[in-house]
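The values are calculated or read from the model by the stated rules, or taken from the named source; none is laboratory data. The structure displayed is predicted, hence computed values, not measured ones. When we count neighbours, we look across all protein chains shown, and the Cβ atoms used for this are built from the backbone with ideal geometry, even at glycine. Quick note on the areas: whole protein, heavy atoms, side chains included, nothing else; ligands and nucleic acids left out. Shrake-Rupley method; radii C 1.70, N 1.55, O 1.52, S 1.80 Å.
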Amino acid sequence: MKLLLARHGNTFTQEMIPVFVGSANDMPLVDEGERQASRFSQFCKMRGLVPAAVYCGPLLRTRRFAEIVCQELGLPCVPVMDERLNELDYGGWSGKTNEQVVAEFGEAALKQWNDHGVWPADSNWGAAPEAVIADLNSYVADLHKRHAPDDVVLSVSSNGRLRYFLKFIPQLFDEMAANKNLKVAPGNACQITMDETGNFKLDFWNESPAKVLAR
């Protein structure tokens, strides 16, 4: 089974100042975010990826992205909302710019999260990494029960949550963190294949549909 992953599109325009938006910040896609969903759909067509099912987190930005993909691919299914795909709760960082986070929590904390996926101390983030991993283990186990071995299943989520799919492959999260490659950019695609014995391999990570379509 192919676990096709997408990060939702942009929630900020070029004129807006970006801030940390987590599960407590239910922002809609901006126009470019909707165009990114369309490019993701074209990317799927080019790669011959036809999802048998589409799941998404509960936030407006993930739900809308998933809806556009379903519509543009002409899928007979509708997106299924799943709380286990929700974005992280960034606690004291929510709604703050990078500069504000640095001023309040320190540059090292911001750099460690952005580059290496290390959760900050004393920032009141919700849940813990172990809870996020447990959620995804439960989610993928359910997909394994529901879908055929040759199905493509699309999951639309957010940057903070998506990186934990790498935990299904031994040592890969740590390797990607060491190389500062955990982040998934808005509208980008990833894919992990799960075989019938429950083993996983990475097919691609943080691939840009816009660049693929422009080749």
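Considering only residues that are under 20 Å from Phe20 (Cβ atoms) and over 14 Å from the mean Cα position of the chain (by Cα), which ones fall in the stretch 155-199? Residues satisfying the conditions are Ala177, Lys180. Restricting the stretch 59-88 to residues that are touching a helix residue (DSSP H, G or I) at 6+ places or on another chain (Cβ under 6 Å), not hydrophobic (A, V, I, L, M, F, W, C) and not in a helix (DSSP H, G or I) leaves a set whose member that is nearest to Glu130 (Cα to Cα) is Glu87. Of the residues making up the stretch 32-52, those that are open to solvent by less than 10 Å² (accessible area, probe 1.4 Å), closer than 17 Å to Leu3 by Cα and of a type in the set (A, V, I, L, M, F, W, C) are Phe40, Phe43, Cys44. Annotation: of all residues in the stretch 3-24 being buried (at least 16 other Cβ atoms within 10 Å of the Cβ) and small (Gly, Ala, Ser), the one that is nearest to Val156 (Cα to Cα) is Ala6.
Meeting the requirement of 3 or more residues that are open to solvent by 50 Å² or more (accessible area, probe 1.4 Å) and touching a residue at least 40 places away in the same chain (Cβ under 8 Å), the helices (runs of 4 or more DSSP H) wholly within the stretch 104-215 are 129-146.
Do we have any residue at all in the stretch 69-91 that's surrounded by 14 or more Cβ atoms within 10 Å (Cβ to Cβ) and free of Cβ contacts under 8 Å to residues at least 24 places away in the same chain? Yes, there is a match, as at least one residue in the stretch 69-91 is surrounded by 14 or more Cβ atoms within 10 Å (Cβ to Cβ) and free of Cβ contacts under 8 Å to residues at least 24 places away in the same chain. Per the conditions (1) surrounded by fewer than 19 Cβ atoms within 10 Å (Cβ to Cβ); (2) touching a Ser or Thr at 6+ places or on another chain (Cβ under 6 Å); (3) in a helix (DSSP H, G or I), the sole criterion not satisfied by Met27 is (3).
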